[in-house]
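The values are calculated or read from the model by the stated rules, or taken from the named source; none is laboratory data. Computed from a predicted structure; not experimentally measured. Ideal geometry is used to build each Cβ from the backbone, glycine not excepted, and the neighbour counts take in all protein chains shown. Protein only, heavy atoms only, side chains kept; ligands, DNA and RNA dropped before computing areas. Shrake-Rupley method; radii C 1.70, N 1.55, O 1.52, S 1.80 Å.
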Amino acid sequence: MSLLPPYTSDGSTSYNVPVKTPTQSDVVELLRYLPIILETQQKIIESLQTVREELSEIKASQGTHAKSTESTTQLVSELLATTATITAKVETLTTSNSNLKEDDALLDQCQSAKSEMALQWSSRLNSRKKHFWNFLKNKQKAELYSNWQTNSPYFIPLKYRPKMIPGEIAPCTTRRLEEAKLRYHHDTELMQIYAANHLTKAQDVDEAVQKLIHETSSNPKVRDKLLTDWRHDTLHEEKVSQQTWVRHEQFLHRKKRDDELKNCTLLTSLTWEEQLKNRRPKTLASPILVNV
């Protein structure tokens, strides 16, 4: 059955068919399959030429009629097979075009749903980014401090280290050192608690976004696509936080080396007079002179 409309003697169709203007996507799809169509068309033309030559030989020589008929039958079979191949490729093209249309429709639905919850998406993503960074920072810092407390038991970070007081008796100095070590140890435990707390809050944000996605769209494919986009965005922020922590960890190790070089004892090496000299004097306001 021919898929083309009947033509008149002047080359026009016998009935008017509304012509649809091809879109850019239709042109792109046609260009993708154009080499295959041209190759198939060339095969058909060659087969028809062979058939014409065989028919000419039939007319010229009646004695070889049986042989020509057999050859013609074979060529017709090949032509039918070629036609079936063309039909299969056309069906494949139609199916592919239908799938592309479904993908485009799905993408439009996803973008529509995402734009509907754009503000909440951005707000929750920023909230999760902060919670994950606080989780990572406190967790890694607590592990670093625990490692220092195990491998360098006599080291106390400078911010915990008590200041030297001239004339202070030894029991008081020992007591202040014990308090500094205890505060150092307690801060490490607090960091572990903060890390667990922020991890829970980050997981709560993920659950809230999943609930928001289910409320926004009822299409399972749209939900899966939006969840995939959310995981992609959160993984990107987690990578940024991990890169930031690498730089922060290098700073902490460098600061530890500086503290060990500047202060070889548990107390700071600055005397009370040196601390007074290092203090910046407060600037006094100049008196206002009033002419009487």
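Of everything in segment 143-199 that is among the β-branched types (Val, Ile, Thr) and surrounded by 12 or more Cβ atoms within 10 Å (Cβ to Cβ), the residue that is farthest from Phe132 (Cα to Cα) is Ile165.
Conditions tested, residue by residue: (1) assigned to a helix (DSSP H, G or I); (2) aromatic (Phe, Trp, Tyr); (3) modelled with pLDDT under 95.
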position	(1), (2), (3)
Tyr160	no, yes, yes
Glu168	no, no, yes
Thr174	yes, no, yes
Ala180	yes, no, yes
Tyr184	yes, yes, yes
His198	yes, no, no
Ala208	yes, no, yes
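Which one is least open to solvent (accessible area, probe 1.4 Å) among residues in segment 92-135 that are among the hydrophobic types (A, V, I, L, M, F, W, C) and modelled with pLDDT of 80 or more? Only one residue tops the list, namely Met117.
Arg128 falls short on exactly one of the conditions (1) touching a residue at least 60 places away in the same chain (Cβ under 8 Å); (2) more than 19 Å from His232 (Cα to Cα), and that condition is (2). Among the residues of segment 245-262, those identified as open to solvent by 80 Å² or more (accessible area, probe 1.4 Å) and either hydrophobic (A, V, I, L, M, F, W, C) or more than 22 Å from Trp133 (Cβ to Cβ) (or both) are Phe251, Arg257, Leu261, Lys262.
Checking each residue in segment 211-227 for being in contact (Cβ under 8 Å) with a residue 40 or more places away in the chain and either open to solvent by 20 Å² or more (accessible area, probe 1.4 Å) or of a type in the set (Phe, Trp, Tyr) (or both) picks out Leu212, Thr216, Asn219, Lys221, Lys225.
Each row is one residue, and each column tells you yes or no for (1) out of contact with any strand residue (DSSP E or B) (no Cβ under 7 Å at 6 or more places or on another chain); (2) over 15 Å from Arg124 (Cα atoms); (3) not β-branched (Val, Ile, Thr).
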{"site": "Thr150", "(1), (2), (3)": "yes, yes, no"}
{"site": "Pro157", "(1), (2), (3)": "yes, yes, yes"}
{"site": "Glu168", "(1), (2), (3)": "yes, yes, yes"}
{"site": "Asp187", "(1), (2), (3)": "yes, yes, yes"}
{"site": "Ala195", "(1), (2), (3)": "yes, yes, yes"}
{"site": "Lys221", "(1), (2), (3)": "yes, yes, yes"}
{"site": "Leu235", "(1), (2), (3)": "yes, no, yes"}
{"site": "Trp245", "(1), (2), (3)": "yes, yes, yes"}
